Amino acid sequence: MQVREEELDETAMRQVEARKAQLLQQKSSKFAEIQANRIKTMRQLVEARKYVEKPRKLHKQTIVERYANFGSTAYAPVQREGRFPEAKPQGKTIETEGYQPVSLPGVLELENYLPARLLNPK
């Protein structure tokens, strides 16, 4: 009878130890999974932090958004970047010098063109 009880106790101890080892294994695998998710999330946050100062372009701006932003290239696209067009506009000539009337009719034409407030002193 005593031998039988010892065998039962030994079997129960083996079962308890097996269950304990199984629970420890589950616990360590769960911690490893949580740690892997934590590392993944931290990497995502570090990657997202890069774009706090330099925003990522997720979508192309609409026309309304471009004109609502006065710093956009819609207002001065080429000159703002430091480039100036080399070619003249098609069919038009660009006068780079001011208009210098040579005769009296030229002066009268210039006076007719200018607003009256510019011609009359205060």
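Looking only at region 106-122, how many residues end up being open to solvent by 100 Å² or more (accessible area, probe 1.4 Å) and either in contact with an Asp or Glu (Cβ under 6 Å, 6 or more places away or on another chain) or part of a helix (DSSP H, G or I) (or both)?
Residues in region 106-122 being open to solvent by 100 Å² or more (accessible area, probe 1.4 Å) and either in contact with an Asp or Glu (Cβ under 6 Å, 6 or more places away or on another chain) or part of a helix (DSSP H, G or I) (or both): 5 in total.
Which residue is least open to solvent (accessible area, probe 1.4 Å), if the candidates are limited to region 49-65 and must be assigned to a helix (DSSP H, G or I) and modelled with pLDDT of 80 or more?
Across region 49-65, the extreme among qualifying residues is Glu65.
Among the numbered criteria (1) surrounded by 10 or more Cβ atoms within 10 Å (Cβ to Cβ); (2) at pLDDT 80 or above, which single criterion is violated by Val46?
(1)
Can you find a residue that is touching a helix residue (DSSP H, G or I) at 6+ places or on another chain (Cβ under 6 Å) and either modelled with pLDDT under 80 or in a helix (DSSP H, G or I) (or both) anywhere in region 66-88?
Checked region 66-88: at least one residue is touching a helix residue (DSSP H, G or I) at 6+ places or on another chain (Cβ under 6 Å) and either modelled with pLDDT under 80 or in a helix (DSSP H, G or I) (or both).
The values are calculated or read from the model by the stated rules, or taken from the named source; none is laboratory data. What you are looking at is a predicted structure, and each value in this text was computed from that prediction instead of being measured. Please note: Cβ atoms are built from the backbone with ideal geometry, for glycine as well, and neighbour counts cover all protein chains shown. Calculation scope for accessible area: heavy atoms of the full protein, side chains included, ligands and nucleic acids excluded. Shrake-Rupley method; radii C 1.70, N 1.55, O 1.52, S 1.80 Å.
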